[in-house]
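The values are calculated or read from the model by the stated rules, or taken from the named source; none is laboratory data. A quick note: this is a predicted structure, and the numbers were derived from the prediction, not measured. With ideal geometry, Cβ positions are generated from the backbone for all residues, glycine too; neighbour counts draw on all protein chains shown.
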Amino acid sequence: MTKDQWFALGTHFRGSIQHWLYPPTCVLCGDHAPGRRDLCPGCQQELTVSDPCCPICALPTAAGTTHLPCGRCLKKRPLFDRCLTPFRYLPPADELIGGLKFQGRLSHARVLGDLLVDYLQQRLTPGTYPQALIPVPLHPRRLRERGFNQALELARPLARRLQIPLQPQRCRRQLPTSQQTGLSALERRRNLHGAFRVRDLRNIRHVALIDDVVTTGATVTELTRMLRRAGVERVEVWAVCRTPAAGR
């Protein structure tokens with residue numbers, strides 16, 4: 001066996017021992033979680049799936065219309081090419097995301113990231129993957145307060161399992177915008193104007209923006225605007241949840 005093969009075998013062995021000594025438990029209810037995912041089947045079944053939804057903006061639609069754009073997208077198509085989200089922002093998905101963002105439970109990022117990968121693998125066509133994953137950035141002040149960027153933590157399992165370069169350095173948040181929670185769609189757009197700056201995107205024409213929740217879409221729309229100006233031709237939005245409420 002080669003050195004790399006011995007290393008891989010040792011890594012697998014250590015992982016198996018750790019799995020046996022410390023079996024995974026559900027991050028929501030605390031029960032045993034079979035396999036290597038810290039979420040039991042019962043809690044996973046309680047997550048409200050996004051389908052049926054618009055294939056462009058991912059807002060809920062009537063059953064049987066998932067291949068057709070919704071009325072909002074027909075009237076005014078968003079700047080991004082499509083939004084892919086496995087779940088609606090309803091309990092217990094909101095609890096998982098809240099635990100990550102506001103309680104620093106990074107184990108939730110691994111669970112949510114893996115669920116997002118499972119969803120994406122059912123919908124992505126081989127050979128058409130983005131050239132880069134760009135997590136929605138936090139302003140340095142917010143990053144210091146929180147200690148981590150939840151979008152970046154969600155993007156890590158995606159980059160690892162999909163083998164797509166993770167490039168957070170491509171975009172930064174240059175304005176300390178106020179919290180988006182509670183703002184109307186118009187207020188969100190105004191709040192984010194000029195908030196982002198992208199750099200060094202030569203030879204990158206297809207990217208996926210990674211975030212936890214898409215609400216009105218104001219954040220990813222402003223980021224898409226900046227990416228388009230930098231020469232990116234195709235922008236996808238990959239997020240864990242989409243809010244059921246309409247708005248853009």
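The table below gives the values:
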{"quantity": "Tabulated pairs, the range 206-234, first closer than 28 Å to VAL111 by Cα, second hydroxyl-bearing (Ser, Thr, Tyr), C-beta under 6 angstrom, 6+ apart or interchain", "calculated": "VAL213/TYR89; THR215/THR243"}
{"quantity": "Residue satisfying condition, being at pLDDT 90 or above and outside any helix (DSSP H, G or I), within set ARG156, ARG172, ARG160, ARG202", "calculated": "ARG172"}
{"quantity": "The range 206-248, residues that are at pLDDT below 95 and either assigned to a loop (DSSP other than H, G, I, E, B) or outside the structural domain of GLY113 (by TED's automatic domain parsing) (or both)", "calculated": "THR215, THR216, GLY217, ALA230, GLY231, THR243, PRO244, ALA245, ALA246, GLY247, ARG248"}
{"quantity": "Pairs, first in the same structural domain as PRO86 (by TED's automatic domain parsing) in the range 113-134, second polar (S, T, N, Q), C-beta under 7 Å, six or more apart", "calculated": "ALA132/GLN167; LEU133/GLN167; ILE134/GLN167"}
{"quantity": "Criterion (hydrophobic (A, V, I, L, M, F, W, C) and not in a loop (DSSP other than H, G, I, E, B)) met by exactly one of LEU68, LEU115", "calculated": "LEU115"}
{"quantity": "Failed criterion for ALA58 (all others in (1) modelled with pLDDT under 95; (2) in the same structural domain as LEU154 (by TED's automatic domain parsing); (3) at positive phi hold)", "calculated": "(1)"}
{"quantity": "Any hit, the range 112-126, residues being of a type in the set (Gly, Ala, Ser), farther than 27 Å from ARG229 by Cβ and at pLDDT below 95", "calculated": "no"}
{"quantity": "ARG202 among the basic types (Lys, Arg) and in contact with a strand residue (DSSP E or B) (Cβ under 9 Å, 6 or more places away or on another chain)", "calculated": "no"}
{"quantity": "Single condition SER50 does not satisfy, out of (1) modelled with pLDDT under 90; (2) closer than 17 Å to LEU90 by Cβ; (3) hydroxyl-bearing (Ser, Thr, Tyr)", "calculated": "(1)"}
